[in-house]
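Below is one structure, written out as C-alpha coordinates, with a few remarks after it.
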Amino acid sequence: MNNEANQPAKRSNPGGLRVDRENRETVGEPFIEDPRMTCRNVDVFYGDKHAIINVSLDIGKNEVISMIGPSGCGKSTFIRCLNRMNDTIDTCRVRGQIKLDGRDIYDESIDVVPLRAQVGMVFQKPNPFPKSIYQNVAYGPRIHGLAQSKEELDEIVETSLRKAGLWDEVKDRLDQPGTALSGGQQQRLCIARAIAVSPEIILMDEPCSALDPIATARIENLIDELRHNYTIAIVTHSMQQASRVSQRTAYFHLGDLIEIGPTEIIFTNPKHQLTEDYITGRFG
Amino acid sequence: MNQEYPMKKEHTVKSFDEELQLLKSLVVDMAGRCEEQLNLAVEVIDSRDAALAKTLVSGDERINELQNEVDSLVVKILAKRQPMAFDLRMIISVLKIVAELERIADYAAGMGKLVRYLDGVSLDDPVTSLKKMARISLSMLSDLIACYQTLDSEKAVVLWNRDDEIDAAYQTFLNQLQLFMSRSPDLVEASTGTLFMGRNLERIGDHLTNIAENIFFIATGENLLKPAR
(Lines give C-alpha, C1' and ligand atoms only; values in the text may rest on other atoms or scores of the structure.)
Protein backbone atom coordinates (compact mmCIF):
# COMPACT_ATOMS: atom_id res chain seq x y z
CA MET A 1 0.00 0.00 0.00
CA ASN A 2 1.53 3.30 -0.92
CA ASN A 3 1.98 5.95 1.71
CA GLU A 4 0.37 8.67 -0.33
CA ALA A 5 -2.95 6.85 -0.35
CA ASN A 6 -2.78 6.73 3.42
CA GLN A 7 -2.62 10.48 3.77
CA PRO A 8 -5.84 12.34 4.32
CA ALA A 9 -7.27 14.05 1.28
CA LYS A 10 -7.39 17.30 3.19
CA ARG A 11 -5.46 17.94 6.32
CA SER A 12 -4.29 20.89 8.19
CA ASN A 13 -2.46 21.87 11.27
CA PRO A 14 -4.76 23.89 13.50
CA GLY A 15 -1.76 25.54 15.13
CA GLY A 16 -0.74 26.80 11.71
CA LEU A 17 -4.21 27.93 10.75
CA ARG A 18 -5.13 29.82 13.87
CA VAL A 19 -4.15 33.45 14.11
CA ASP A 20 -3.16 34.53 17.59
CA ARG A 21 -4.58 37.38 19.63
CA GLU A 22 -1.66 39.74 19.07
CA ASN A 23 -1.99 39.76 15.30
CA ARG A 24 -4.42 42.51 14.28
CA GLU A 25 -4.25 42.24 10.51
CA THR A 26 -7.60 41.39 9.03
CA VAL A 27 -8.08 37.67 8.53
CA GLY A 28 -10.32 36.52 5.70
CA GLU A 29 -11.31 38.13 2.42
CA PRO A 30 -12.57 41.72 2.83
CA PHE A 31 -12.84 42.29 -0.91
CA ILE A 32 -15.43 40.89 -3.27
CA GLU A 33 -16.19 41.03 -6.97
CA ASP A 34 -18.55 43.74 -8.14
CA PRO A 35 -19.04 45.51 -4.78
CA ARG A 36 -21.71 48.10 -4.07
CA MET A 37 -19.61 49.96 -1.53
CA THR A 38 -15.84 49.93 -1.13
CA CYS A 39 -14.11 51.10 2.02
CA ARG A 40 -10.35 51.53 1.91
CA ASN A 41 -8.02 52.34 4.80
CA VAL A 42 -10.78 53.91 6.83
CA ASP A 43 -9.76 55.55 10.11
CA VAL A 44 -12.19 57.24 12.44
CA PHE A 45 -11.23 59.49 15.34
CA TYR A 46 -13.38 60.93 18.11
CA GLY A 47 -11.06 63.72 19.18
CA ASP A 48 -7.88 61.84 20.14
CA LYS A 49 -9.58 58.47 20.33
CA HIS A 50 -8.77 56.25 17.36
CA ALA A 51 -12.11 54.44 17.03
CA ILE A 52 -11.63 52.69 13.67
CA ILE A 53 -8.16 51.66 12.61
CA ASN A 54 -7.32 51.28 8.93
CA VAL A 55 -10.35 49.22 7.95
CA SER A 56 -10.77 48.06 4.36
CA LEU A 57 -13.91 46.22 3.39
CA ASP A 58 -16.28 45.74 0.45
CA ILE A 59 -20.04 45.53 0.76
CA GLY A 60 -21.75 43.52 -1.94
CA LYS A 61 -24.97 43.88 -3.86
CA ASN A 62 -28.02 42.21 -2.37
CA GLU A 63 -26.10 40.85 0.56
CA VAL A 64 -26.66 41.12 4.27
CA ILE A 65 -23.40 41.77 6.03
CA SER A 66 -23.35 41.70 9.80
CA MET A 67 -20.92 43.54 12.04
CA ILE A 68 -20.29 41.91 15.38
CA GLY A 69 -17.97 42.60 18.28
CA PRO A 70 -17.94 43.72 21.89
CA SER A 71 -19.24 47.13 22.93
CA GLY A 72 -16.85 49.87 21.90
CA CYS A 73 -15.26 47.80 19.13
CA GLY A 74 -16.28 50.32 16.47
CA LYS A 75 -18.91 48.38 14.59
CA SER A 76 -21.60 51.08 14.92
CA THR A 77 -19.05 53.80 14.21
CA PHE A 78 -18.10 51.95 11.05
CA ILE A 79 -21.60 51.61 9.61
CA ARG A 80 -22.33 55.23 10.52
CA CYS A 81 -19.47 56.16 8.18
CA LEU A 82 -21.34 54.53 5.32
CA ASN A 83 -23.95 57.31 5.13
CA ARG A 84 -21.91 60.01 6.85
CA MET A 85 -23.98 59.93 10.00
CA ASN A 86 -20.75 60.65 11.86
CA ASP A 87 -20.74 64.13 10.27
CA THR A 88 -23.25 65.10 12.96
CA ILE A 89 -20.62 64.56 15.68
CA ASP A 90 -18.34 67.60 15.97
CA THR A 91 -15.27 65.78 17.24
CA CYS A 92 -15.51 62.98 14.71
CA ARG A 93 -12.97 62.81 11.91
CA VAL A 94 -13.07 60.22 9.11
CA ARG A 95 -10.01 59.41 7.01
CA GLY A 96 -9.65 57.04 4.07
CA GLN A 97 -11.96 56.36 1.18
CA ILE A 98 -15.54 55.13 1.05
CA LYS A 99 -17.18 54.78 -2.34
CA LEU A 100 -20.74 54.01 -3.28
CA ASP A 101 -21.03 52.64 -6.80
CA GLY A 102 -17.60 54.12 -7.53
CA ARG A 103 -18.33 57.60 -6.13
CA ASP A 104 -16.46 58.87 -3.08
CA ILE A 105 -19.20 59.68 -0.56
CA TYR A 106 -16.86 62.02 1.33
CA ASP A 107 -16.16 64.10 -1.78
CA GLU A 108 -16.93 67.79 -1.31
CA SER A 109 -19.49 67.68 -4.11
CA ILE A 110 -21.61 65.10 -2.33
CA ASP A 111 -24.85 66.33 -0.75
CA VAL A 112 -25.49 64.23 2.34
CA VAL A 113 -29.29 64.54 2.15
CA PRO A 114 -29.72 62.42 -1.00
CA LEU A 115 -26.82 60.24 0.19
CA ARG A 116 -28.76 59.35 3.34
CA ALA A 117 -31.79 58.53 1.20
CA GLN A 118 -29.59 56.25 -0.90
CA VAL A 119 -28.04 54.74 2.22
CA GLY A 120 -30.88 54.60 4.73
CA MET A 121 -30.61 53.82 8.40
CA VAL A 122 -32.69 52.03 11.00
CA PHE A 123 -31.73 52.57 14.61
CA GLN A 124 -31.73 50.52 17.77
CA LYS A 125 -34.74 52.24 19.25
CA PRO A 126 -37.70 52.66 16.91
CA ASN A 127 -37.96 56.39 16.32
CA PRO A 128 -41.09 57.17 14.29
CA PHE A 129 -41.88 60.84 13.78
CA PRO A 130 -44.70 62.14 16.04
CA LYS A 131 -46.98 62.05 13.04
CA SER A 132 -49.46 59.64 11.48
CA ILE A 133 -48.38 56.28 10.09
CA TYR A 134 -49.03 57.67 6.59
CA GLN A 135 -46.99 60.81 7.18
CA ASN A 136 -44.07 58.85 8.61
CA VAL A 137 -43.68 57.01 5.32
CA ALA A 138 -44.72 59.87 3.03
CA TYR A 139 -42.33 62.44 4.54
CA GLY A 140 -39.16 61.22 2.79
CA PRO A 141 -40.60 60.80 -0.72
CA ARG A 142 -42.22 64.22 -0.39
CA ILE A 143 -39.06 66.12 0.57
CA HIS A 144 -37.01 64.23 -2.02
CA GLY A 145 -39.63 64.96 -4.69
CA LEU A 146 -40.21 61.31 -5.49
CA ALA A 147 -43.97 61.67 -6.01
CA GLN A 148 -45.66 63.98 -8.49
CA SER A 149 -49.19 63.47 -7.22
CA LYS A 150 -51.20 62.34 -4.22
CA GLU A 151 -51.89 59.04 -6.02
CA GLU A 152 -48.18 58.44 -6.55
CA LEU A 153 -47.46 59.22 -2.90
CA ASP A 154 -50.25 56.88 -1.79
CA GLU A 155 -48.72 54.19 -3.93
CA ILE A 156 -45.24 54.70 -2.46
CA VAL A 157 -46.68 54.59 1.08
CA GLU A 158 -48.58 51.38 0.38
CA THR A 159 -45.67 49.69 -1.41
CA SER A 160 -43.23 50.64 1.34
CA LEU A 161 -45.54 49.41 4.09
CA ARG A 162 -46.11 46.17 2.17
CA LYS A 163 -42.36 45.65 1.72
CA ALA A 164 -41.89 46.25 5.43
CA GLY A 165 -44.56 43.63 6.17
CA LEU A 166 -46.76 46.17 7.95
CA TRP A 167 -49.48 47.05 5.45
CA ASP A 168 -52.07 44.48 6.53
CA GLU A 169 -51.73 45.56 10.15
CA VAL A 170 -52.09 49.33 9.54
CA LYS A 171 -53.98 49.83 6.27
CA ASP A 172 -57.20 50.73 8.10
CA ARG A 173 -55.57 53.21 10.48
CA LEU A 174 -53.02 55.11 8.42
CA ASP A 175 -54.07 58.36 10.04
CA GLN A 176 -53.25 57.17 13.54
CA PRO A 177 -49.95 58.18 15.16
CA GLY A 178 -46.95 56.01 14.37
CA THR A 179 -45.96 56.20 18.01
CA ALA A 180 -49.14 54.32 18.97
CA LEU A 181 -47.91 51.13 17.29
CA SER A 182 -46.15 48.32 19.18
CA GLY A 183 -42.33 48.35 19.34
CA GLY A 184 -41.99 45.78 16.59
CA GLN A 185 -44.53 47.60 14.40
CA GLN A 186 -42.74 50.91 15.00
CA GLN A 187 -39.46 49.35 13.90
CA ARG A 188 -41.10 48.02 10.74
CA LEU A 189 -42.57 51.49 10.22
CA CYS A 190 -39.04 52.89 10.40
CA ILE A 191 -37.94 50.30 7.84
CA ALA A 192 -40.88 51.33 5.62
CA ARG A 193 -39.79 54.95 6.03
CA ALA A 194 -36.27 54.06 4.91
CA ILE A 195 -37.55 52.02 1.98
CA ALA A 196 -39.91 54.79 0.84
CA VAL A 197 -37.04 56.92 -0.50
CA SER A 198 -35.77 54.08 -2.72
CA PRO A 199 -32.49 53.41 -0.98
CA GLU A 200 -29.82 51.12 -2.33
CA ILE A 201 -28.41 50.26 1.05
CA ILE A 202 -30.07 49.97 4.42
CA LEU A 203 -27.92 50.27 7.54
CA MET A 204 -29.38 48.70 10.66
CA ASP A 205 -27.87 49.45 14.04
CA GLU A 206 -29.09 46.77 16.45
CA PRO A 207 -32.61 46.96 15.01
CA CYS A 208 -34.04 44.22 17.23
CA SER A 209 -32.43 44.90 20.57
CA ALA A 210 -35.57 46.58 21.92
CA LEU A 211 -37.94 43.98 20.51
CA ASP A 212 -39.42 40.74 21.83
CA PRO A 213 -38.56 37.41 20.11
CA ILE A 214 -41.68 37.41 17.93
CA ALA A 215 -41.14 40.97 16.70
CA THR A 216 -37.45 40.08 16.22
CA ALA A 217 -38.37 37.06 14.10
CA ARG A 218 -40.57 39.27 11.92
CA ILE A 219 -37.76 41.76 11.39
CA GLU A 220 -35.34 38.94 10.58
CA ASN A 221 -37.81 37.51 8.10
CA LEU A 222 -38.17 40.98 6.61
CA ILE A 223 -34.39 41.35 6.30
CA ASP A 224 -34.35 38.08 4.39
CA GLU A 225 -36.98 39.38 1.97
CA LEU A 226 -35.45 42.85 1.60
CA ARG A 227 -32.11 41.34 0.64
CA HIS A 228 -33.48 40.56 -2.81
CA ASN A 229 -33.80 44.29 -3.55
CA TYR A 230 -31.39 45.98 -1.17
CA THR A 231 -27.99 45.66 0.41
CA ILE A 232 -28.16 45.50 4.18
CA ALA A 233 -25.41 46.13 6.72
CA ILE A 234 -26.51 45.20 10.21
CA VAL A 235 -24.84 45.72 13.56
CA THR A 236 -25.99 43.21 16.12
CA HIS A 237 -25.02 41.95 19.54
CA SER A 238 -26.87 38.72 18.91
CA MET A 239 -24.58 36.20 17.31
CA GLN A 240 -27.53 33.97 16.60
CA GLN A 241 -29.11 36.85 14.72
CA ALA A 242 -25.93 37.49 12.73
CA SER A 243 -25.72 33.79 11.90
CA ARG A 244 -29.37 33.69 10.84
CA VAL A 245 -29.65 36.80 8.69
CA SER A 246 -26.29 37.51 7.09
CA GLN A 247 -24.23 35.98 4.34
CA ARG A 248 -20.98 37.60 5.49
CA THR A 249 -19.89 38.52 8.97
CA ALA A 250 -17.25 41.01 10.09
CA TYR A 251 -15.76 40.83 13.57
CA PHE A 252 -14.42 44.07 15.07
CA HIS A 253 -12.21 44.36 18.13
CA LEU A 254 -10.96 47.65 19.62
CA GLY A 255 -11.33 49.43 16.27
CA ASP A 256 -9.66 46.73 14.17
CA LEU A 257 -11.47 44.60 11.63
CA ILE A 258 -10.18 41.29 12.91
CA GLU A 259 -11.93 38.79 10.66
CA ILE A 260 -14.35 38.87 7.75
CA GLY A 261 -15.77 35.91 5.91
CA PRO A 262 -18.77 33.80 5.01
CA THR A 263 -21.09 33.70 8.03
CA GLU A 264 -21.20 29.92 8.19
CA ILE A 265 -17.41 29.79 8.44
CA ILE A 266 -17.16 32.58 11.03
CA PHE A 267 -19.57 30.76 13.34
CA THR A 268 -18.26 27.23 12.86
CA ASN A 269 -14.55 27.60 12.23
CA PRO A 270 -13.20 31.14 12.64
CA LYS A 271 -9.52 31.55 12.02
CA HIS A 272 -8.64 34.35 14.42
CA GLN A 273 -8.36 33.49 18.10
CA LEU A 274 -10.11 36.75 19.07
CA THR A 275 -13.12 35.86 16.91
CA GLU A 276 -13.20 32.37 18.37
CA ASP A 277 -13.01 33.70 21.94
CA TYR A 278 -15.75 36.25 21.34
CA ILE A 279 -18.28 34.00 19.63
CA THR A 280 -17.78 31.13 22.06
CA GLY A 281 -18.22 33.42 25.05
CA ARG A 282 -14.60 33.28 26.21
CA PHE A 283 -14.13 37.00 25.86
CA GLY A 284 -12.71 39.17 28.55
CA MET B 1 -6.28 27.92 32.42
CA ASN B 2 -9.37 25.95 31.63
CA GLN B 3 -8.93 22.25 32.34
CA GLU B 4 -11.66 21.39 29.91
CA TYR B 5 -9.54 21.34 26.75
CA PRO B 6 -6.03 22.52 26.02
CA MET B 7 -5.47 26.07 24.74
CA LYS B 8 -9.02 27.15 25.58
CA LYS B 9 -9.75 30.05 27.88
CA GLU B 10 -12.59 29.78 30.36
CA HIS B 11 -16.06 30.79 29.30
CA THR B 12 -17.40 33.97 30.83
CA VAL B 13 -20.33 31.80 31.96
CA LYS B 14 -18.72 29.37 34.41
CA SER B 15 -21.63 26.91 34.42
CA PHE B 16 -21.06 26.34 30.69
CA ASP B 17 -17.52 25.18 31.49
CA GLU B 18 -18.92 22.88 34.17
CA GLU B 19 -21.33 21.33 31.68
CA LEU B 20 -18.55 20.81 29.14
CA GLN B 21 -16.36 19.29 31.83
CA LEU B 22 -19.17 16.89 32.75
CA LEU B 23 -19.66 16.02 29.09
CA LYS B 24 -15.98 15.30 28.70
CA SER B 25 -15.86 13.11 31.80
CA LEU B 26 -18.86 11.10 30.58
CA VAL B 27 -17.16 10.50 27.22
CA VAL B 28 -13.89 9.49 28.87
CA ASP B 29 -15.77 7.20 31.26
CA MET B 30 -17.64 5.60 28.37
CA ALA B 31 -14.45 5.17 26.32
CA GLY B 32 -12.67 3.71 29.34
CA ARG B 33 -15.42 1.16 29.76
CA CYS B 34 -15.17 0.24 26.07
CA GLU B 35 -11.46 -0.24 26.64
CA GLU B 36 -12.21 -2.61 29.55
CA GLN B 37 -14.68 -4.50 27.37
CA LEU B 38 -12.10 -4.96 24.61
CA ASN B 39 -9.57 -6.09 27.18
CA LEU B 40 -12.09 -8.59 28.47
CA ALA B 41 -12.77 -9.77 24.92
CA VAL B 42 -9.07 -10.66 24.52
CA GLU B 43 -9.20 -12.59 27.79
CA VAL B 44 -12.38 -14.36 26.73
CA ILE B 45 -10.88 -15.38 23.39
CA ASP B 46 -7.87 -16.72 25.29
CA SER B 47 -9.67 -18.48 28.11
CA ARG B 48 -13.02 -19.39 26.48
CA ASP B 49 -14.34 -18.86 30.00
CA ALA B 50 -18.17 -18.82 30.01
CA ALA B 51 -18.47 -16.72 33.17
CA LEU B 52 -16.07 -14.14 31.81
CA ALA B 53 -18.00 -14.14 28.54
CA LYS B 54 -21.17 -13.42 30.52
CA THR B 55 -19.48 -10.47 32.24
CA LEU B 56 -18.46 -9.18 28.82
CA VAL B 57 -22.06 -9.36 27.57
CA SER B 58 -23.54 -7.67 30.62
CA GLY B 59 -20.87 -4.92 30.61
CA ASP B 60 -22.56 -3.39 27.58
CA GLU B 61 -25.50 -2.15 29.58
CA ARG B 62 -23.71 0.65 31.46
CA ILE B 63 -22.15 1.84 28.21
CA ASN B 64 -25.61 2.17 26.67
CA GLU B 65 -26.73 4.13 29.72
CA LEU B 66 -23.75 6.44 29.42
CA GLN B 67 -24.60 7.11 25.78
CA ASN B 68 -28.09 8.13 26.84
CA GLU B 69 -26.66 10.43 29.52
CA VAL B 70 -24.39 12.09 26.95
CA ASP B 71 -27.25 12.46 24.46
CA SER B 72 -29.44 14.12 27.09
CA LEU B 73 -26.66 16.44 28.21
CA VAL B 74 -25.90 17.45 24.61
CA VAL B 75 -29.55 18.31 23.97
CA LYS B 76 -29.60 20.36 27.17
CA ILE B 77 -26.38 22.22 26.29
CA LEU B 78 -27.53 22.96 22.73
CA ALA B 79 -30.82 24.34 24.00
CA LYS B 80 -29.27 26.39 26.79
CA ARG B 81 -26.03 27.65 25.28
CA GLN B 82 -26.45 27.74 21.52
CA PRO B 83 -22.75 26.97 21.14
CA MET B 84 -20.63 28.32 18.30
CA ALA B 85 -17.30 27.53 16.63
CA PHE B 86 -15.08 25.18 18.70
CA ASP B 87 -17.82 24.51 21.26
CA LEU B 88 -20.32 23.65 18.54
CA ARG B 89 -17.89 21.35 16.74
CA MET B 90 -16.96 19.68 19.99
CA ILE B 91 -20.51 19.09 21.16
CA ILE B 92 -21.74 17.78 17.82
CA SER B 93 -18.68 15.53 17.49
CA VAL B 94 -19.13 14.16 21.00
CA LEU B 95 -22.61 13.06 20.00
CA LYS B 96 -21.07 11.15 17.10
CA ILE B 97 -18.16 9.78 19.13
CA VAL B 98 -20.43 8.23 21.75
CA ALA B 99 -22.48 6.60 18.98
CA GLU B 100 -19.22 5.05 17.68
CA LEU B 101 -18.30 3.92 21.21
CA GLU B 102 -21.71 2.35 21.66
CA ARG B 103 -21.24 0.33 18.48
CA ILE B 104 -17.74 -0.73 19.56
CA ALA B 105 -19.15 -1.93 22.88
CA ASP B 106 -21.92 -3.83 21.07
CA TYR B 107 -19.39 -5.64 18.91
CA ALA B 108 -17.25 -6.46 21.96
CA ALA B 109 -20.29 -7.85 23.80
CA GLY B 110 -21.18 -9.77 20.64
CA MET B 111 -17.87 -11.55 20.89
CA GLY B 112 -18.85 -12.68 24.38
CA LYS B 113 -21.88 -14.37 22.86
CA LEU B 114 -19.92 -15.95 20.01
CA VAL B 115 -17.04 -17.38 22.02
CA ARG B 116 -19.01 -20.53 22.98
CA TYR B 117 -18.65 -21.72 19.36
CA LEU B 118 -14.92 -22.07 19.96
CA ASP B 119 -15.43 -24.49 22.88
CA GLY B 120 -13.23 -27.52 22.55
CA VAL B 121 -11.99 -26.51 19.11
CA SER B 122 -8.38 -25.74 18.34
CA LEU B 123 -8.21 -22.84 15.88
CA ASP B 124 -4.68 -21.73 16.62
CA ASP B 125 -3.81 -19.49 13.71
CA PRO B 126 -7.17 -17.70 13.23
CA VAL B 127 -7.46 -17.16 16.99
CA THR B 128 -3.95 -15.70 17.11
CA SER B 129 -5.03 -13.24 14.40
CA LEU B 130 -8.25 -12.47 16.29
CA LYS B 131 -6.24 -11.59 19.37
CA LYS B 132 -3.90 -9.48 17.27
CA MET B 133 -6.85 -7.50 15.87
CA ALA B 134 -8.26 -7.07 19.37
CA ARG B 135 -4.92 -5.85 20.71
CA ILE B 136 -4.52 -3.31 17.88
CA SER B 137 -8.07 -2.09 18.56
CA LEU B 138 -7.31 -1.77 22.24
CA SER B 139 -4.14 0.17 21.62
CA MET B 140 -5.95 2.45 19.14
CA LEU B 141 -8.76 3.09 21.59
CA SER B 142 -6.34 3.92 24.44
CA ASP B 143 -4.49 6.35 22.20
CA LEU B 144 -7.76 7.86 20.97
CA ILE B 145 -8.88 8.54 24.53
CA ALA B 146 -5.63 10.43 25.13
CA CYS B 147 -5.97 12.17 21.76
CA TYR B 148 -9.54 13.27 22.57
CA GLN B 149 -8.25 14.95 25.71
CA THR B 150 -5.39 16.79 24.04
CA LEU B 151 -7.12 17.31 20.67
CA ASP B 152 -3.88 16.66 18.82
CA SER B 153 -4.89 16.68 15.15
CA GLU B 154 -1.58 15.19 13.98
CA LYS B 155 -1.99 12.27 16.35
CA ALA B 156 -5.57 11.81 15.16
CA VAL B 157 -4.28 11.36 11.60
CA VAL B 158 -1.74 8.76 12.76
CA LEU B 159 -4.45 6.85 14.62
CA TRP B 160 -6.81 7.16 11.68
CA ASN B 161 -4.24 5.39 9.51
CA ARG B 162 -3.86 2.53 12.00
CA ASP B 163 -7.11 0.98 10.78
CA ASP B 164 -4.99 -0.43 7.96
CA GLU B 165 -3.22 -2.61 10.54
CA ILE B 166 -6.55 -4.09 11.59
CA ASP B 167 -7.58 -4.57 7.98
CA ALA B 168 -4.30 -6.36 7.22
CA ALA B 169 -4.71 -8.62 10.27
CA TYR B 170 -8.30 -9.30 9.20
CA GLN B 171 -7.15 -10.38 5.76
CA THR B 172 -4.60 -12.75 7.31
CA PHE B 173 -7.33 -14.02 9.65
CA LEU B 174 -9.66 -14.74 6.71
CA ASN B 175 -6.96 -16.64 4.85
CA GLN B 176 -6.17 -18.69 7.92
CA LEU B 177 -9.82 -19.40 8.61
CA GLN B 178 -10.49 -20.45 5.02
CA LEU B 179 -7.59 -22.88 5.28
CA PHE B 180 -8.99 -24.22 8.56
CA MET B 181 -12.47 -24.58 7.04
CA SER B 182 -11.17 -26.46 4.04
CA ARG B 183 -9.34 -28.84 6.34
CA SER B 184 -12.14 -29.19 8.89
CA PRO B 185 -15.40 -29.06 6.92
CA ASP B 186 -17.28 -30.67 9.80
CA LEU B 187 -16.58 -27.74 12.18
CA VAL B 188 -19.10 -25.37 10.60
CA GLU B 189 -20.34 -23.80 13.84
CA ALA B 190 -16.86 -23.09 15.20
CA SER B 191 -15.78 -21.63 11.86
CA THR B 192 -18.77 -19.34 11.42
CA GLY B 193 -18.56 -18.24 15.07
CA THR B 194 -14.92 -17.36 14.59
CA LEU B 195 -15.70 -15.62 11.32
CA PHE B 196 -18.26 -13.40 13.04
CA MET B 197 -15.81 -12.55 15.81
CA GLY B 198 -13.28 -11.48 13.20
CA ARG B 199 -15.94 -9.45 11.45
CA ASN B 200 -16.83 -7.75 14.74
CA LEU B 201 -13.21 -6.73 15.27
CA GLU B 202 -12.90 -5.44 11.72
CA ARG B 203 -16.01 -3.29 12.29
CA ILE B 204 -14.58 -2.05 15.59
CA GLY B 205 -11.57 -0.84 13.61
CA ASP B 206 -13.84 1.18 11.34
CA HIS B 207 -15.61 2.79 14.30
CA LEU B 208 -12.26 3.69 15.87
CA THR B 209 -11.30 5.36 12.61
CA ASN B 210 -14.51 7.38 12.75
CA ILE B 211 -13.61 8.55 16.25
CA ALA B 212 -10.22 9.75 14.94
CA GLU B 213 -12.07 11.68 12.20
CA ASN B 214 -14.29 13.33 14.78
CA ILE B 215 -11.34 14.35 16.95
CA PHE B 216 -9.66 15.83 13.88
CA PHE B 217 -12.84 17.77 13.10
CA ILE B 218 -13.08 19.19 16.63
CA ALA B 219 -9.46 20.32 16.48
CA THR B 220 -9.41 21.77 12.97
CA GLY B 221 -12.99 22.27 11.78
CA GLU B 222 -12.11 20.24 8.71
CA ASN B 223 -13.11 16.80 7.54
CA LEU B 224 -10.57 14.05 7.34
CA LEU B 225 -11.42 12.21 4.16
CA LYS B 226 -9.74 9.16 2.80
CA PRO B 227 -8.82 9.69 -0.85
CA ALA B 228 -10.27 7.28 -3.40
CA ARG B 229 -7.80 4.49 -3.96
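The values are calculated or read from the model by the stated rules, or taken from the named source; none is laboratory data. Here the structure is a predicted model, which means the values were calculated and not measured. Methodologically, a virtual Cβ is constructed for each residue, glycine included, from the backbone with ideal geometry; neighbour enumeration extends over all protein chains shown. Heavy atoms of the whole protein, side chains included, go into the accessibility calculation; ligands, DNA and RNA do not. Shrake-Rupley method; radii C 1.70, N 1.55, O 1.52, S 1.80 Å.
List of remarks:
- Extending 7 Å from the Cα toward the beta-carbon at both residue A:34 and residue A:125 defines two label points whose distance is 4.2 nm.
- Secondary structure note: in the protein assembly as shown, about 55% of the DSSP beta bridges are antiparallel.
- Each chain gives up part of its surface: B and A jointly bury about 2500 Å² of accessible area, both sides summed, for a 1.4 Å probe.
- Relative contact order %, chain A, counting alpha carbon pairs below 8 Å whose residues are six or more apart: 28
- Long-range HN-HN contacts of residue A:32 with modeled amide H, under 5 Å: A:58
- Dipole of the protein assembly as shown, positive end: most advanced residue of A:263, B:144, A:98 [Cβ charges, Cα centre]: A:98
- Tail beyond 21 Å, pair distance distribution of chain B (Cα, percent): 57
- Residue-averaged [θ]222 nm for chain B, counting only DSSP H segments that reach four residues, each worth -39500 (n - 2.57): -28500 deg cm²/dmol
- Average partner coverage of B:210-222, which counts Cβ from other chains inside 10 Å: 3
- For A:260-271, mean number of other protein chain Cβ atoms within 10 Å: 2
- Residue by residue, the range B:144-149 carries 3J(HN,Hα) couplings of 5, 4, 5, 5, 4, 7 Hz when phi is fed to the Karplus relation 6.51 cos²θ - 1.76 cosθ + 1.60 (θ = phi - 60°); x denotes Gly or Pro.
- Long-range HN-HN contacts of residue A:19 with modeled amide H, under 5 Å: A:272, A:273
- For the range B:53-65, 3J(HN,Hα) per residue [Karplus equation, 6.51 cos²θ - 1.76 cosθ + 1.60, θ = phi - 60°, Hz, x = Gly/Pro]: 4, 5, 4, 4, 5, 6, x, 5, 4, 5, 5, 4, 4
- In the full protein context, the range B:83-223 carries 37 Å² of accessible surface per residue, based on a 1.4 Å probe and ignoring ligands, DNA and RNA.
- C-alpha center-to-center spacing [the range A:205-280, the range A:37-98] in angstrom: 16
- From phi via Karplus (6.51, -1.76, 1.60), per-residue ³J(HN,Hα) for the range A:150-162 in Hz, x at Gly/Pro: 4, 5, 5, 5, 4, 5, 4, 4, 5, 4, 5, 5, 5
- Cβ crowding within 10 Å averaged over residues, with B:47-54, B:149-156 ranked highest first: B:149-156, B:47-54
- For residue A:64, the residues 5 or more places off, or on other chains, whose built amide H falls under 5 Å of its own are A:232, A:247, A:248.
- Label zone at residue B:206, where the point sits 7 Å out along the Cα-to-Cβ direction: the range B:99-113 residues whose backbone N lies under 14 Å: B:100, B:103-104, B:107
- Using a cutoff of 8 angstrom between alpha carbon atoms and counting only pairs six or more residues apart, the relative contact order for chain B works out to 26 percent.
- Reduction of at least 10 Å² in accessible surface, 1.4 Å probe, comparing all protein chains with the chain by itself, residues of the range B:132-154: B:153, B:154
- Net +/- balance of residues flanking residue B:176 in space, Cβ distance below 13 Å, scoring K and R +1, D and E -1: +1
- Highest mean first, the peptides A:92-102, B:128-138 sorted by other C-beta atoms within 10 Å per residue fall in the order B:128-138, A:92-102.
- Its DSSP H runs of at least 4 residues, each contributing -39,500 (n - 2.57), put the calculated 222 nm mean residue ellipticity of chain A at -9000 deg cm²/dmol, to the nearest 500.
- Per residue, the solvent-accessible area of the range A:24-91 (1.4 Å probe, heavy atoms of protein chains only, all protein chains present) comes to 42 Å².
- Under the criterion of Cα pairs below 8 Å and six or more residues apart, the relative contact order for the range B:120-219 equals 47 percent.
- Surface accessible to a 1.4 Å probe, residue B:65 within the full protein complex, Å²: 80
- Each residue was assigned an accessible area with a 1.4 Å probe, and for residue B:46 the value is about 90 Å².
- Angle between chain B longest axis and helix B:14-47 axis [Cα atoms, degrees, rounded to 10]: 10
- Taking label points 7 Å from Cα along the Cα-to-Cβ direction, residue A:111 and residue A:217 give a separation of 4.4 nm.
- With q set to 0.05, 0.08, 0.09, 0.12 Å⁻¹, the log10 of I(q)/I(0) for the protein assembly as shown, from the Debye formula over equal scatterers at the Cα positions, is -0.32, -0.66, -0.76, -1.04.
- Taking Cβ atoms as reference points and 15 Å as the exclusive limit, the residues near residue A:188 contribute a net charge of 0, counting Lys and Arg as +1 and Asp and Glu as -1.
- Solvent-accessible area, 1.4 Å probe, carbon plus sulfur percent, for the protein assembly as shown: 51
- Placing +1 on the Cβ of every Lys and Arg and -1 on the Cβ of every Asp and Glu, with nothing else charged, gives the protein assembly as shown a dipole about its Cα centre of roughly 840 debye.
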